[in-house]
Structures are given as C-alpha cells and as structure tokens.
Amino acid sequence: MGFGQAISTCLSNYANFSGRARRSEFWWFWLFVVIVQVVVQSLLAVIVGTDSILYSLLVFVLAIALAIPLYAAGSRRMHDTGKSGWLQLLVLIPCAGIIIMIVLWAQAGNPAENQYGAPPA
C-alpha cells in the first residue's frame, strides 16, 4: 500500500476501530499525520504567533482531529498482529509506553484469518 492509498484508507475509516490494517497502511498514515502537524503548526506560528490563544485552540483541534483516525489505524494494526487495540493505552506509560507500542506496531501481521477478521487485502 502506498502513501496516498494509506491516507485515503485511514481517512475513510476515520473512527473504525474494527478490522485489520497492514504495517504500510499504519506507518504511511503516521508519517502523514506528523507532516500535517508540522506544516500546520509552522504556518499557524507565522500567521497568528505561538503566544496566541487562537494558536493553542487550533493546534488542539488539529491534534484531536488527527488522533482519532491514527488511533483507529493503530487499533486495526494491533488486530492484524492478533492483539487487542486496547494495548494502545500503553502509550500512557511515560517513556517506555511509546517504545513498547512502536515495537508492537512494527511486528508482522498474522497471514491467516484471526478473531479480528481476514488479512487485509
């Protein structure tokens, strides 16, 4: 799955936490989210300044808008490895949580059908 197709798939499954997602789908979308956040925050910093309440509000809205499909894709990614999407709550553990999640998200998916459905096409 390529960059554009991953973005399209994740945004069309905006809040779909069921099913399975390939590694490429998740990581391409993760890269897209990082790029969008950096670009939008940079533009907002130039336009309204970082000391503005408007800047903080818009960055917060952007973060929430992008977090929902990112966590949905992460949940589907965990399902592809045969694990529960609830494991993403490990990111709440300071420092170690994100490292554990990166390792889990990077694992190869199960090529056979599992409790979360058939392998992604």
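Quick check: the distance between the Cα centres of region 1-49 and region 55-115, to the nearest angstrom?
Cα centres, region 1-49 to region 55-115: 13 Å.
Once the Cβ-Cβ distance between Ile47 and Tyr14 is put in as r, and R0 is 25 Å, what FRET efficiency do you end up with, to the nearest 0.05? Please list the in-between numbers first.
Working: r = 27 Å, r/R0 = 1.07.
Computed FRET efficiency for Ile47 and Tyr14: 0.40.
Compute the FRET efficiency between Leu31 and Ile99 as 1/(1 + (r/R0)^6), taking r as their Cβ-Cβ distance and R0 = 22 Å, and round to the nearest 0.05. Walk me through the intermediate numbers first.
On the way: r = 19 Å, r/R0 = 0.84.
Efficiency at R0 = 22 Å is approximately 0.75.
Please sort by residue number the chymotrypsin sites (Phe, Trp or Tyr not before Pro) in region 1-39 whose DSSP state is loop and whose Cβ has at most 13 other Cβ atoms within 10 Å. List each step's numbers first, then the result.
Numbers: sites: Phe3, Tyr14, Phe17, Phe26, Trp27, Trp28, Phe29, Trp30, Phe32; in loops: Tyr14, Phe17.
Filter output for region 1-39: Tyr14.
Suppose the chain between Ala108 and Leu89 were pulled fully straight at 0.36 nm per residue; how much longer would it get relative to their current alpha carbon spacing?
Details: separation 19, 0.36 × 19 = 6.84 nm, distance 2.03 nm.
Using 0.36 nm per residue and subtracting the Cα-Cα distance, I get 4.8 nm.
Please give the FRET efficiency for Leu57 paired with Ser24, using the beta carbon to beta carbon distance and R0 = 30 Å, rounded to the nearest 0.05.
Step by step, r from the Cβ atoms, then E = 0.35.
Kindly give the semi-axes, whole Å and largest first, of the ellipsoid equivalent to region 5-47, taking each as the square root of 5 times a Cα gyration tensor eigenvalue.
Working through the eigenvalues yields semi-axes of 25, 11, 7 Å.
Computed from the coordinates by the stated procedures, all read-outs in this text should not be read as laboratory data. The shown structure was predicted, so the numbers you read here are calculated from the model rather than taken from an experiment. Note that we place each Cβ from the backbone using ideal geometry, even for glycine, and neighbour counts take in every protein chain shown.
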